[in-house]
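Inspection log for the structure reproduced underneath, given as structure tokens.
The values are calculated or read from the model by the stated rules, or taken from the named source; none is laboratory data. None of these values were measured; they are calculated from a predicted model. We place every Cβ from the backbone using ideal geometry, glycine too, and count neighbours over all the protein chains shown. All accessible areas refer to the heavy atoms of the entire protein, side chains included, with ligands and DNA or RNA removed. Shrake-Rupley method; radii C 1.70, N 1.55, O 1.52, S 1.80 Å.
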Amino acid sequence: MIEIVTEVDLFHPPARTWRALTERALLAKWFADSSPESDRWVLATAALPGYDTDTEVETVELRAPHRLVVRCREADRATRLACDLAPTAHGTRLSVREVLEEGDWDADARAEQHEQAVTGRLPAILDWLAFQNVDLRRAEGGLTAELPVVRLLGEERRHSRRRPVLLAAGAVTLLAAAGAAAALWATGDNPSAPAALPPSAPLVVPSESAPAVRPTTARPTPSASRRSASPSSSPSATPSRTPSRTPSTVVTAPLSATYETVNDRLFGYRGEVVLRNPGPAPRPEWTVTVTLHSGATVSSVNGAEAAQDGSVVTFTGAALPGGESVTIRFDVRDPDPSHNAPAGCATDNTPCTPA
């Protein structure tokens, strides 16, 4: 029997440690994301060291916040993992024990993965959760200004009897007992998108080809009396008006944009917006607005000029020819690790769509 045991002392109480191990949004930041599949959960572990594929997880034993036992399967490999949390004078002692039951593995690579997750990224999440409870320098206005206090993740569900639990394989492989994917966008009250042009409407309205008409002047006939001073009862010819020239009008099609989070980090992410001009006419000016969550900032922008005002970031750039697109990439630092995308994204008052 091959087993790997990792034990670490954490300066945080068991309840807080249990949250970091079992809540999906937090676990995805320091270990791996997950998705439900029938009566099990699938963890995205294929890219992690010590794993060959994604991992299917089922619960064997669950006693919050002290003990969690799960069975994990990666292709032809099966393991049994137990997480035990014991209170100490300064916090929690976490013990992770994984036993190989079927197949084979690289024990050294798996042990290294245990070490990195449990002693590195997990404490970072715990420190962030602790900071939300204690604002050490509120009176001085120092640390608070850089790391604003936000509401605890899942605080509104604190009194609910049913609490989502996630289980993972590896460092702390945990299975979520309940949960649903959150909507990617929260765009708020965005103005409605411009109405689409009717199929028969031309994009260019021609007017230069209309020929100019010479005005017609009324002339007296030879039989007209010179002594007639009063106007004739018969209507006289009226000069026709010369039609004025109307400049050509170019109707531009509305721009469209898609958004994708291309890299998710512990306290932030890297976003990508692809802006497209579907019409034939170029757009000399364009704007993309991205609304961040409270306290988030943008940096390392490629593909556009950026200006941030509060939580709203405005991207602008050079003329966009018809039928072409431009890609905007930017880094976001967000003090809330549960955020992995902006609160909103739009162009031409039209919300961005997921890529």
Exercise. Just how many % of Cα pairs in region 247-355 lie over 16 Å apart, if you round to the nearest whole percent?
Worked result: 56 percent
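Hey, what does the equivalent ellipsoid look like for region 48-127, semi-axes from the Cα gyration tensor as sqrt of 5 times each eigenvalue, largest first, whole Å?
Equivalent ellipsoid semi-axes, largest first: 24, 16, 10 Å.
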Seminar exercise, completed: By accessible area (1.4 Å), largest first, GLU112, GLU61, GLU74 order as GLU112, GLU61, GLU74
Exercise. For region 6-93, with the dipole built from +1 on Lys and Arg beta-carbon atoms and -1 on Asp and Glu ones, taken about the Cα centre, which of THR53, PRO87, LEU43 lies farthest toward the positive end?
Worked result: PRO87
For this session: With a point put 7 Å past each Cα toward its Cβ, work out how far ASP127 is from ALA355 in nm, to one decimal.
Result: 3.1 nm
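Once the convex hull of the alpha carbons of region 1-99 is built, what does its volume come to per residue, in cubic angstrom?
Roughly 107 Å³ of hull volume per residue.
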